[in-house]
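The values are calculated or read from the model by the stated rules, or taken from the named source; none is laboratory data. Note that this is a predicted model, so its numbers are computed, not measured. Heads up, the Cβs are rebuilt from the backbone with ideal geometry, glycines too, and the neighbour counts pull from every protein chain shown. Accessible surface is based on the protein model in full, side chains and every heavy atom, while ligands, DNA and RNA are left aside. Shrake-Rupley method; radii C 1.70, N 1.55, O 1.52, S 1.80 Å.
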Amino acid sequence: MSVAARSNPSAAAVDVILRDGSTLRLRAPAQDDAGALVAFFTGLSERSFYQRFHGTRTIDDELVARFLEPDWHDRGVLVGTLAGVDGDERIVAVGEYDRLRDPAAAEAAFAVADELQGHGIGTRLLERLAALAGDQGIERFVSQVLPDNRAMLGVFQGAGLEVTRELDGGEFEVRFPIASTEQYRTRVDERDHLAVTASLRPFFEPKSVAVIGASRRRGSIGGELFRNVLAADFAGAAYPINRDGEAVGGVRAYTSIADVPEIVDLAVVCLPGPHVLAAAEAALASGVKALCVISSGFAEVGAEGRKRQELLLGLVRAHGGRLVGPNCLGIAVPSLGLNATFGPRPLPPGPIAFSSQSGALGLALLEKASERRLGFSAFVSIGNKADVSSNDLLEWWEDDDETELVLLYLESFGNPHKFARLARRIARRKPVLALKAGSTEAGARAASSHTAALASSDTAVEALFRQAGVIRAETLEELVDAAALLSSQPLPRGRRVGVVTNAGGLGILCADACAAAGLELPELSEETRAVLQPLLPEDASLANPIDLLGSATGATFEAVIPALLEDKRLDSLIVLFVPPVVAGADEVAVAIQDAVGRACTDKPVLAVLISRDGTPAALRDGGSAVASFAYPESAARALGLAAARAEWLRRPVGSIPPALEAQAAEARRIVDQALAEREETWLDAGATRDLLTAYGIPVVPERVAQSADEAVAAALELGLPAVLKTVAAGAHKTEEGGVALDLRDEPQVRAAAERIGPPVLVQPMVSGGAELLAGIVQDPVFGPLVAFGPGGVFAELIGDAAFRLAPITDVDAQELVLGGKAGRLVRGFRGAPPSDVGSLTDLLHRLSQLAQDLPEVAELDLNPVVSQPHGCVAVDSRVRIRRPSATTTPKSW
């Protein structure tokens with residue numbers, strides 16, 4: 001790592017994806033880049049060189065030296081490099097900023113190799129430089145552009161920033177703020193989307209596939225995978241590659257992919273780990289852009305495997321390709337007849353796309369889905385996800401007309417904030433269901449504040465899914481059940497469900513399961529009861545659940561279902577049946593199907609027919625108007641998830657408010673000063689107050705007193721009654737006896753000061769409002785979380801704090817403030833006056849902004865925040881700061 005990158009860790013190398021799906025590395029330059037910079041500038045055309053330097057400068061040591069080792073405060077430089085097949089890097093772009101006399105402004109300039117102009121490199125340089133300059137307090141860029149340099153003018157105009165330009169002395173002076181607005185982030189997302197989908201096309205629309213390591217020997221992974229390709233009737237050409245050139249499945253083989261008579265779109269590698277690199281290099285050199293590596297022996301096996309995986313990814317990047325795997329099950333696209341997996345059977349086509357981080361679990365889910373007659377648009381096992389991740393696949397499936405529902409099995413997140421933005425966008429059009437494994441309490445094990453103690457890694461996952469509209473399943477069975485319901489039934493308009501059964505006990509079980517899933521069983525309308533009364537025996541129950549008794553036949557179900565679907569008090573219907581002597585499951589299944597089909601209802605209908613022969617064919621086959629389940633509990637849980645999705649879709653989209661006024665430079669100074677000589681520390685009372693004040697967070701007036709006499713004087717100045725607290729940084733003041741409340745005269749203040757021991761913090765007593773908790777915790781994977789909940793000394797005992805990932809939208813803030821037990825306090829609990837909601841949401845937005853600006857703030861605890869009808873104020877606060885760990889992956893999209 002260069003000195004520049006060490007002095008500014010955020011300047012470490014990142015990979016960006018370009019318009020054509022290829023990738024580029026952006027990094028800080030180093031002294032040994034001098035020769036490569038000379039080669040880059042020498043290789044520019046005369047026109048490009050003139051447009052960059054606006055004069056006839058010669059390429060000499062002085063010109064190159066100014067690009068080496070930037071300090072990042074006043075000057076930042078990035079080089080864009082492409083890896084060569086021999087492992088060397090070639091510089092193909094240079095971008096820089098220079099701070100001007102106005103410290104909030106910097107001049108920005110770029111140069112891109114002529115043969116690569118038009119690929120979006122200039123825009124990616126601008127995005128990265130703007131982020132790095134913003135970290136140094138620079139607010140806007142200025143650039144001098146010649147009128148004929150339309151490409152650079154286009155970069156500035158198309159970036160999504162608010163550009164103004166003025167012709168002065170034969171040059172355009174272009175100015176624009178570089179703050180990351182919502183409009184700008186949307187444009188970045190659009191660029192990522194187009195680039196990623198372009199890069200993935202060879203995986204999902206291949207016209208030719210080669211299986212490297214396809215052996216004639218039965219039982220070998222490569223041989224069986226190639227036979228799976230043939231058995232699925234792949235629409236394109238399939239080529240086996242093996243060292244002996246032996247035909248596989250009657251198809252001519254080749255000893256090298258270079259001998260194949262066409263450029264192969266997708267190459268699947270099934271070789272022992274040590275042989276993969278050579279095979280991958282040969283495939284990429286022959287023009288392959290999509291590589292799927294089934295082989296194990298990579299990052300999952302330790303240091304040697306991680307090194308091999310890094311080399312593999314480097315090869316893929318050098319050739320502008322993409323990689324699925326390694327250590328994966330493969331890829332399948334049923335509509336093309338592509339089954340490049342070593343699964344036991346081809347997948348039926350259908351509307352479900354499925355990404356699995358685990359090959360074994362992927363197979364298990366596919367087996368369960370097959371039992372339910374679910375069809376797939378695609379299946380991708382991402383394995384170690386060295387390159388292609390669930391985020392990439394979401395980009396593709398967003399626009400895929402054959403995909404109506406996305407299933408994800410996740411064990412880890414590479415870029416959770418990108419996932420949140422993607423999933424939120426896609427979930428508005430298509431359901432996204434996820435099963436997340438590996439949730440732990442690691443995020444809370446070192447917690448020292450109330451906020452952090454209430455958080456966990458699973459808290460972050462839950463917050464992420466809630467904000468993004470992702471439907472979270474807790475088990476594999478639940479994931480399949482929810483997929484079956486959402487792929488076949490309309491969403492319920494609400495949570496009111498009717499349950500009809502021929503067995504009272506089964507109905508009670510279903511009612512309990514519905515309550516656990518957050519569903520309601522309302523009474524039937526009088527009109528519905530009047531219709532049902534003559535259709536049923538005298539002893540039948542018209543309460544909900546509706547018990548038809550054991551004498552019910554198929555005709556009984558067929559008669560009552562239409563009336564229940566007409567009832568405006570019901571949003572959905574669950575039909576339960578256990579075969580008695582008088583009726584069989586097949587008869588009832590046909591009756592249910594016919595009744596629902598004739599009703600033409602827009603309400604979801606779920607059926608549980610318990611039979612030793614399994615689900616009857618009338619409900620099992622494709623095209624059924626009813627979703628079938630094995631147990632009442634399964635149906636209720638799936639319906640609860642569907643209701644949650646319907647509620648999320650009705651929820652306003654929300655927007656991230658513009659940046660609030662803050663003294664960000666002062667806050668940065670406080671944090672940097674505290675970390676100057678240590679990696680982690682609690683801020684003292686003065687620094688905590690200054691940090692909060694810099695972001696406009698309301699805090700109670702206070703004084704630090706060094707003696708009992710000073711404490712008395714401060715209390716009289718601030719006003720009695722008073723509060724005294726220990727100033728020990730990070731202390732749990734109540735638990736350690738470091739706080740004295742409601743001190744009404746000088747003797748009480750003096751006694752408290754002597755008991756706690758100077759120095760002490762003196763504040764006026766604030767009372768008469770709801771006690772709440774607000775805070776920040778930095779999750780090592782998910783980044784900053786904003787917390788809100790009931791506060792005071794019982795915050796952890798009461799619990800119920802809710803979390804959202806920063807940045808939070810206006811809707812997120814409203815939900816935090818008005819939801820759960822905290823919402824009851826805010827609205828006015830047991831006669832208390834309601835709190836000022838606006839001041840609380842403003843507080844949360846300020847915390848969100850602070851958390852994003854200062855990732856060093858590991859924990860921030862405001863407890864209690866006293867909220868009153870006309871504002872709120874934090875009366876106690878603690879802040880722990882820690883130097884953030886470096887990013888472990890260079891992938892930026």
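Key figures for this structure:
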item	result
Residue (of Gly819, Gln763, Gly584) at the positive-pole extreme of the chain, dipole from beta-carbon charges	Gly584
20 Å binning of all Cα-Cα separations within the chain, expressed as whole percents from 0 upward	13, 36, 35, 15, 2, 0
Magnitude of the charge dipole, the range 724-877, Cβ model with Lys/Arg +1 and Asp/Glu -1, debye to 20	420 debye
Spatially proximal lysines relative to Lys418 (Cα-Cα < 29 Å; intrachain offsets below 8 disregarded)	Lys289, Lys307, Lys385, Lys430, Lys436, Lys891
Relative contact order computed over the chain (Cα-Cα under 8 Å; 6+ residues apart), in percent	7 percent
At most 12 other Cβ within 10 Å, DSSP loop - trypsin sites (Lys or Arg not before Pro), the range 653-702	Arg678
Within-13-Å neighbourhood charge of Leu129 [Cβ basis; K, R +1; D, E -1]	+1
Within the chain, percent of DSSP bridges classed antiparallel, to nearest 5	60 percent
Helix-only [θ]222 nm of the chain, DSSP H runs n ≥ 4, -39500 (n - 2.57) each, per residue, nearest 500	-11000 deg cm²/dmol
Net charge of Cβ neighbours under 12 Å - reference Asp567; Lys, Arg +1; Asp, Glu -1	0
Nearest-20 debye value, the chain charge dipole, Cβ charges on Lys, Arg, Asp, Glu	1040 debye
Over 24 Å [Cα-Cα, the range 791-885], rounded percent	20 percent
Set of aspartates and glutamates near Lys821 by C-alpha distance (under 17 Å), chain-local residues within fewer than 8 positions excluded	Glu771, Glu796, Asp800, Asp812, Asp836
Total charge dipole magnitude, the range 492-643, about the Cα centre, Cβ charges on Lys, Arg, Asp, Glu only, Debye to nearest 20	420 debye
Sequence of Thr528, Thr255 when ordered by accessible area, the most exposed leading, probe 1.4 angstrom	Thr255, Thr528
1.4 Å probe accessible area per residue over the range 547-701, in Å²	44 Å²
Whole-percent carbon and sulfur share, accessible surface of the range 275-417, 1.4 Å	52 percent
Three-way shape label, the range 281-385, alpha-carbon gyration tensor, a/c 1.5	oblate
Pairwise label distance in nanometres, Val38 with Leu100, each label 7 Å out on the Cα-Cβ vector	3.4 nm
The range 520-597: GluC sites (Glu not before Pro) falling in loop per DSSP and having at most 13 other Cβ within 10 Å	Glu523, Glu538
Within the range 640-691, GluC sites (Glu not before Pro) in DSSP loop having at most 10 other beta-carbon neighbours inside 10 Å	Glu661, Glu677, Glu679
Positive dipole terminus of the chain, leading residue within Ser45, Ala801, Gln157 (C-beta point charges)	Ser45
Cβ crowding within 10 Å averaged over residues, with 101-109, 489-497 ranked highest first	489-497, 101-109
Candidate lysines for bridging to Lys725, where Cα separation is under 20 Å - those fewer than 8 sequence places away on the same chain excluded	Lys733
Antiparallel %, DSSP beta bridges [both residues in the range 191-313], to 5	5 percent
